[in-house]
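The values are calculated or read from the model by the stated rules, or taken from the named source; none is laboratory data. Given the structure is predicted, the values throughout are model-derived calculations rather than measurements. Every residue, glycine as well, gets a Cβ built from its backbone with ideal geometry; the counts of neighbours run over all protein chains shown.
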Ligand SMILES: [Mg+2]
């Protein structure tokens, strides 16, 4: 990650009227996001269970939340955490600083968008047992990182679910 002077960071903070997350904040948010995903996924068992009462009943049968230790092999993360990590890793390249500067100067920050797209394409190779949905599979297959506008995909009117939200939380932390 590129080093940024404290004064530059302060100036950006003032312009954005925001505070930057610390590494501790960032790490905690990423770990908790992955743990929440693993809990809700329950190794494919709860991913498509549409009955909240049934899930709660099964949770009680496991001894409740306090009795669950979220770890492999029983509690893998799903597709969403793999792609959330791809988003975060793209941001961690340091290109985000250029993106901020680009926004301030009116230029586009396409390099970062291509970087994240490339990481999504790569991350799709780690989906065994993670149940990516059809919208995710289609959308990522349409990414062409490195090609003009290759980070854009057409609007998918059949898209459902919450993957976009689950994979973008780390953007708000920057
Ligand atoms: Mg998932």
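Summary of values
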{"quantity": "2 or more residues within 16 Å of the ligand (Cβ to nearest atom) and at pLDDT 95 or above: qualifying helices (runs of 4 or more DSSP H) within region 1-64", "calculated": "23-41"}
{"quantity": "Cross-chain or 6+ apart pairs with Cβ under 6 Å, region 126-148 first and farther than 18 Å from residue 167 by Cβ and in contact (Cβ under 8 Å) with a residue 40 or more places away in the chain, then assigned to a helix (DSSP H, G or I) and away from the ligand (no atom under 13 Å from the Cβ)", "calculated": "none"}
{"quantity": "Meets criteria (surrounded by fewer than 16 Cβ atoms within 10 Å (Cβ to Cβ) and more than 16 Å from the ligand (Cβ to nearest atom)) for residue 137", "calculated": "no"}
{"quantity": "Verdict on residue 119 being within 14 Å of the ligand (Cβ to nearest atom) and surrounded by 16 or more Cβ atoms within 10 Å (Cβ to Cβ)", "calculated": "no"}
{"quantity": "Qualifying positions in region 153-174 - surrounded by 12 or more Cβ atoms within 10 Å (Cβ to Cβ) and free of Cβ contacts under 8 Å to residues at least 24 places away in the same chain", "calculated": "153, 156, 164"}
{"quantity": "Complete set of residues in region 65-80 that are surrounded by 22 or more Cβ atoms within 10 Å (Cβ to Cβ) and not in a loop (DSSP other than H, G, I, E, B)", "calculated": "79, 80"}
